[in-house]
Amino acid sequence: MKRIKRVNIVTRPEDEKREIYQRIHMQWLKGVPVTFEQHWSGFPAVTVDCGEDHILTDILSLEEWWKTLSPEMRHSRG
């Protein structure tokens, strides 16, 4: 199995994280599959893979960003 190189955004500013999450979400809305898994580190982190985006991020900022989306944006795919 090929090892994926992920960008660690855990310590990046929240604004930058939100931009990355939004970019991934827009791909998902277009039908690109998104996968995420708990990271092995034990830290509350997850890996997120979508198209050419492969990141390691903290689950707390991802959950906070998700809460800002309207219900329609959370569940609609084009």
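Values computed for the structure shown
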{"read-out": "Selection count where residues are in contact with an Asp or Glu (Cβ under 8 Å, 6 or more places away or on another chain) and either closer than 13 Å to Val10 by Cα or at pLDDT 95 or above (or both), scope segment 36-54", "value": "5"}
{"read-out": "Per-region count, segment 1-32, residues assigned to a helix (DSSP H, G or I) and not polar (S, T, N, Q)", "value": "14"}
{"read-out": "Among the residues listed as Arg23, Arg18, the single one being at pLDDT 95 or above, touching a helix residue (DSSP H, G or I) at 6+ places or on another chain (Cβ under 7 Å) and surrounded by 12 or more Cβ atoms within 10 Å (Cβ to Cβ)", "value": "Arg18"}
{"read-out": "Residues satisfying the stated conditions in segment 52-78, i.e. assigned to a strand (DSSP E or B) and exposed (fewer than 10 other Cβ atoms within 10 Å of the Cβ)", "value": "none"}
{"read-out": "Residue under evaluation Asp49, criteria (1) farther than 15 Å from Met73 by Cα; (2) assigned to a helix (DSSP H, G or I); (3) touching a strand residue (DSSP E or B) at 6+ places or on another chain (Cβ under 7 Å), criterion not met", "value": "(2)"}
{"read-out": "Hits in segment 1-46 - residues which are in contact with a Leu (Cβ under 8 Å, 6 or more places away or on another chain), touching a residue at least 40 places away in the same chain (Cβ under 8 Å), farther than 16 Å from Trp65 by Cα and not aliphatic (A, V, I, L, M)", "value": "Arg6, Asn8"}
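The values are calculated or read from the model by the stated rules, or taken from the named source; none is laboratory data. Since we're looking at a predicted model, the values are computed, not measured. In this analysis, Cβ positions are derived from the backbone assuming ideal geometry, glycine residues included, and neighbour counts consider all displayed protein chains.
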